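Take a look at the structure below.
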């Protein structure tokens, strides 16, 4: 098992561990046909909304939408990072890890790789908004909402093409593991197939950045009336929603100068205020103001 690559370690852990046995260590499951069901721990569940598929190695809640593989369950249930989930599950699966996989330097290396993937994706979406035929409608929508071309460029707004696999093909062509892209919410794995499709399609894209300006995730707004109106990147190793305030990378200095912040709910609210000259604003991305937000 020595010198396994990062991707190989993940595959080996998945091969050795039963997702049913793992989840049963935390909650009660009952067989339902070829799958298992239980009370979902991620929301106030009254009925067994959680379904676990041993065959697919996946869990999914049909009520709150939580889902993923063994790593996703561990991260969400125990509120830990992806590297921490790897270490914990490697112990359970008796998969030896080289020390580098547990070190802070290795964790930083993983995070840097995810940031690079998001940066590439951000540039792709931005170019699609400015240069594609589909993007013109999105630009017209933004203009009608008072968002100028200058602001589009300043905040790297983008557009996700309506095709099911435009981004997926780009990432594959760049030799980016699609399993890694799935972990940060850019693509979704098809059920019963070893293939992926784009999470964001036919939507205006708002890059979500940390305080240092690194892209940690994306928000996508429909312009066609499709529901839901907004979809966002899931939490990941580099994106923790309760610790991120949209626009803080741009408004931090203004907030310090004014000694207070104007807190709004969403992307468009923030951009409208910024355009109007109110630069000490931030957005909570649809959540209540958290303790972590206040500390920031």
*Residue order, fewest to most beta carbons within 10 Å, for 151, 75, 268*: 151, 268, 75
*Efficiency by 1/(1 + (r/R0)^6): what FRET value for residue 27 and residue 97, r their Cβ-Cβ distance, R0 = 30 Å, to the nearest 0.05?*
0.65
*Using the per-residue mean of other Cβ atoms lying within 10 Å as a proxy for protection, in what order, highest first, do the peptides 123-135, 243-255 fall?*
243-255, 123-135
*Given the Cα-Cα distance of residue 143 and residue 56 and 0.36 nm per residue of separation, how much length would full extension add, in nm?*
26.9 nm
*Want the number for residue 223 to residue 211: 0.36 nm per residue separation, take away the alpha-carbon distance, what's left?*
1.5 nm
*Take every Cα pair under 8 Å in the chain that's 6+ residues apart, average their separations, divide by the length, and report that relative contact order as a whole percent.*
11
*asked:* Under 13 Å from a point placed 7 Å out from the Cα of residue 43 along the Cα-to-Cβ direction: which residues of the range 50-85 have their backbone N that close?
replied: 50-51, 60-67
_Taking only Cα atoms of the chain, what ratio of Rg to Rh do you get with Rh as the Kirkwood inverse-distance radius?_
0.98
*asked:* Ranking request for peptides 14-25, 209-220: highest mean number of other beta-carbon atoms within 10 Å first, then the rest in descending order.
replied: 209-220, 14-25
*Measure off 7 Å from each Cα along the Cα-to-Cβ vector at residue 165 and residue 263, then give the distance between these two points in nanometres to one decimal.*
4.4
*How would you rank 157-166, 173-182, 28-37, highest first, on the average number of other Cβ atoms within 10 Å across their residues?*
157-166, 173-182, 28-37
_Shape verdict for the range 158-229, please, from the Cα gyration tensor: rounded (a/c under 1.5), prolate (a/b greater than b/c) or oblate._
oblate
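Just so you know, all these numbers are worked out from the coordinates, no wet-lab data involved. Remember, predicted model here, so these are calculated numbers, not experimental data. Every residue, glycine as well, gets a Cβ built from its backbone with ideal geometry; the counts of neighbours run over all protein chains shown.
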